[in-house]
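Have a look at the structure below before the remarks.
Derivation of every value follows stated rules applied to the coordinates shown; laboratory data play no part. Here the structure is a predicted model, which is why all the values come from computation and not from measurement. Cβ: placed from backbone, ideal geometry, glycine included. Neighbour counts: every protein chain shown.
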Amino acid sequence: MEYSRRQLNNIKANLFEQGYLDDQFHQIEELQDDASPNFLQEVVTLFFRDTTRLIDTTEQALKKSPQDFRRLDSIMHQFKGSSSSIGALRVKNECSIFRDHCNQGNIEGCLKSFQKVKKELAILRQKLEAYFKLLNQSESVAVKKADR
Amino acid sequence: MASSSIGGTGKLPHILVVDDALVQRMVTERLLKLHSFKVTTVDSGDKALELLGTWTAAMKKVDMILTDYSMPKMTGYDLLKRLKESSAFQGIPVVIMSSENTRGITRCLEEGAIDFMIKPLQNSDVQRLYTHFNHHLQIKLE
C-alpha cells in the first residue's frame, strides 16, 4: 500500500499524541537537509543501538550485590540523556522514575522500573521502525514516479 | 540562522564539543554545523586535552569549548579546571552543558565557565553561543 505524506504525518502525529515522542523529535527532523536527508533515521538507529548497550550494562549492574545505586543512577542518567536527545518521552520519563528509586535505595523499585524502561523502549522501537519503513517505501515510490 | 562568521570577518568559529554520549554528540554537532560553526567532537576530557595540545603545536585554533558536565573519569568540571590551570588554554571560553540543572553547574561558573546550557541544545542556545563568541572576540580586539 502506498502511504501518502498526509497519512505518514498522521502516523507521526499519533506518536506525539500518545506521548511516545516530544518536540525534540521535530527538532532533529529539522536538522535534515539535502546533504543529510536521513539524519533523523540515522540518529534513531544509533539511539536504539546505544540503548541496547545501556540495557546490557544496567542488567549487569542490577545483578551486583550489594547494589551500587550510584552506578545504576549514572547508567540511567546516560539512558535518560540519550532518550531526551531524540525526543523519546516515555522512555525518558521511565528513566527518571528509575533514578528516583536509585536515590531512595529501593532495589525493588529499580527492578520494576527497569522492566518499564525496556517495555517502553521496545514499543517505541516497533513504532518507529514501522514508521520509517513506510516513510522509506513512500519515498522510494515517489522517486520512481519522478523518474518516469 | 545565526550569522556565519564572527563580526563579519568571514571566519567560521571553531568549537570543540566534548561529550561521552554518542547520540547527543551527533545531534549537537549537526545543530552547530547547520548554524555555520566548524565543529570537532571528542568523547572525553582526556581526548580534548590531547587534541588541544596537538592543535597548539600545529598553531591551530579553537574558539570555544562546549563540554558536557557528567562524563566518566574526567567530568566537565575537571576538564574546566585543567583548562583554567593551563596558560595555553585558559583563554578559551568554556560552556558547560548538562541534561539537568545539577548543583555542580554553580561551581563550574565559579571556576570560569562562561555559560551553562541544558541538553539537548536548541537554536536559541546556539544563538547564545554566537553572542559569547562575538563578546569574546571584542575583548581580544581591545
### Query
For the stretch B:24-39, what does the Karplus curve 6.51 cos²θ - 1.76 cosθ + 1.60, with θ = phi - 60°, yield as ³J(HN,Hα) per residue in whole Hz, taken in order and with x for Gly and Pro?
5, 4, 5, 5, 4, 4, 5, 4, 5, 5, 5, 9, 6, 8, 8, 10
### Summary
The correct pair for the protein assembly as shown, radius of gyration to one decimal and Dmax as a whole number, both in Å and from Cα atoms, is 20.9, 66
## Note on the structure
The size of the Cβ-based charge dipole (Lys, Arg +1; Asp, Glu -1) of the protein assembly as shown about the Cα centre, to the nearest 20 debye, is 400
### Message
Taking the Cα centre as origin and putting +1 on Lys and Arg beta-carbons and -1 on Asp and Glu beta-carbons, what dipole magnitude results for the stretch A:73-148, to the nearest 20 debye?
### Response
340
### Query
To the nearest 20 debye, what charge dipole does the stretch B:51-139 have about its Cα centre, counting +1 at the Cβ of each Lys and Arg and -1 at the Cβ of each Asp and Glu?
180
### Task
In nm, give the distance between the simple-model label positions of B:Lys60 and B:Thr102, each being 7 Å from the Cα along the Cα-to-Cβ direction.
2.9
### Task
List the residues whose amide H sits under 5 Å from the amide H of B:Thr102, counting only those 5 or more places along or on another chain, with H placed 1.01 Å from N in the peptide plane.
none
### Task
Report the net charge of residues surrounding B:Ala21, where surrounding means a beta-carbon distance below 11 angstrom and charges are Lys +1, Arg +1, Asp -1, Glu -1.
-2
### FRET efficiency for B:Gln138 and B:Ser36, using Cβ-Cβ distance with R0 set to 22 Å, rounded to 0.05
0.70
### Summary
Label model pair A:Gln137, A:Glu108: point-to-point distance (7 angstrom along the Cα→beta-carbon line) in nm is 4.6
### Message
Taking every pair of distinct Cα atoms and averaging 1/r, then inverting, what Kirkwood hydrodynamic radius in Å comes out for chain A?
### Response
16.6
#### Entry: Quotient of Cα Rg and 2.2 N^0.38 Å for chain B, N being how many residues it contains
0.96
#### Entry: Mean residue ellipticity (222 nm) of chain A, computed from DSSP H runs ≥ 4 via -39,500 (n - 2.57), nearest 500
-27500 deg cm²/dmol
## Note on the structure
Going residue by residue through the stretch A:10-19, the Karplus relation 6.51 cos²θ - 1.76 cosθ + 1.60 with θ = phi - 60° gives ³J(HN,Hα) values, rounded to whole Hz and with x marking Gly or Pro, of 5, 4, 5, 4, 5, 4, 6, 4, 7, x
#### Entry: Overall dimensions of the stretch A:80-143 by Cα: Rg and Dmax, Å
15.9, 55
#### Entry: Packing-based order for A:22-32, B:91-101, A:80-90, using average beta carbon neighbours within 10 Å, highest first
A:80-90, B:91-101, A:22-32
### Task
Output the relative contact order of the stretch A:54-132, whole-number percent, from Cα pairs under 8 angstrom with separation of 6+ residues.
25
